[in-house]
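Colleague: Have a look at this one.
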Amino acid sequence: MNTPPEPADLEEITRFLHRFADLMSNGSNAENLLRAAKLLEANVKRASEAESLLRQERSNCAGLESGIADLRAKLAAIQGGLSQGTHVLAPVAILRLAASQFESLAAAFEKSGNVVSRAMCEASATTLARVFEADAPRASGAMARGGAAS
């Protein structure tokens, strides 16, 4: 990329164009020289402004890249924590199905008189129900924003 002339160089060039135009005193050549001086000044000003904006955007991009790197590090830490067996990701529909199966099994164990198995199934169904209740405010917020709950 060509760099614009330094302010001292620009001043020297425009002064030359103005003097040369004065020597020609009048006519289209003098007007063209003056117009060239003005165009040169305007283009140098525009180039300087564009370079300033480019520096600012590069700085913004560097900040964004730094932010992305931070987010990636946080994501890696979260994924590392999830991969240690402390959490399980499962679709809500599957968990609801499991809860209904535990409820059905509890009812069947109640009929057969197996109190221990019934209690275990009811406890499992209740635990899953609590998960759904804890997720309900977040899911209803997603629904209010137009997202899906599951």
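Every read-out reported here was derived from the displayed coordinates using simple, explicitly stated rules and does not represent laboratory data. Just so it is clear, the model here is predicted, and its values are computed rather than measured. With ideal geometry, Cβ positions are generated from the backbone for all residues, glycine too; neighbour counts draw on all protein chains shown.
Colleague: Take the alpha carbon gyration tensor of region 1-87, find the square roots of its eigenvalues, order them as a ≥ b ≥ c, and report rounded if a/c is under 1.5; if not, report prolate when a/b exceeds b/c, else oblate.
Modeller: Since a/c reaches 1.5 and a/b is larger than b/c, the shape of region 1-87 is classed as prolate.
Colleague: Give the separation of the Cα centroids, region 27-68 to region 74-98, in Å.
Modeller: After rounding, the separation between the Cα centres reads 52 Å.
Colleague: State to the nearest 20 debye the size of the charge dipole of region 1-87 about its Cα centre, where the only charges are +1 on K and R beta carbons and -1 on D and E beta carbons.
Modeller: 300
Colleague: Within region 2-51, report the GluC sites (Glu not before Pro) that DSSP leaves as loop and that have at most 15 other Cβ atoms within 10 Å.
Modeller: Counting only loop positions with at most 15 other Cβ atoms within 10 Å, none of the GluC sites (Glu not before Pro) in region 2-51 qualifies.
Colleague: In whole percent, what relative contact order does region 1-94 give with Cα contacts below 8 Å and a gap of six or more residues?
Modeller: 21
Colleague: Would you mind ranking 109, 16 so that the residue whose beta carbon has the fewest other beta carbons within 10 Å leads the list?
Modeller: 16, 109
Colleague: Please list 3J(HN,Hα) in residue order for region 119-126, calculated via the Karplus relation 6.51 cos²θ - 1.76 cosθ + 1.60 where θ = phi - 60°; whole Hz, with x for glycine and proline.
Modeller: Along region 119-126, the couplings run 5, 5, 5, 5, 5, 5, 4, 5 Hz.
Colleague: Quick one: what are the phi-derived ³J(HN,Hα) couplings along region 64-72, Karplus 6.51/-1.76/1.60 with θ = phi - 60°, whole Hz, x for glycine and proline?
Modeller: Using θ = phi - 60°, the values come out as 5, 5, 5, x, 5, 4, 5, 5, 5 Hz.
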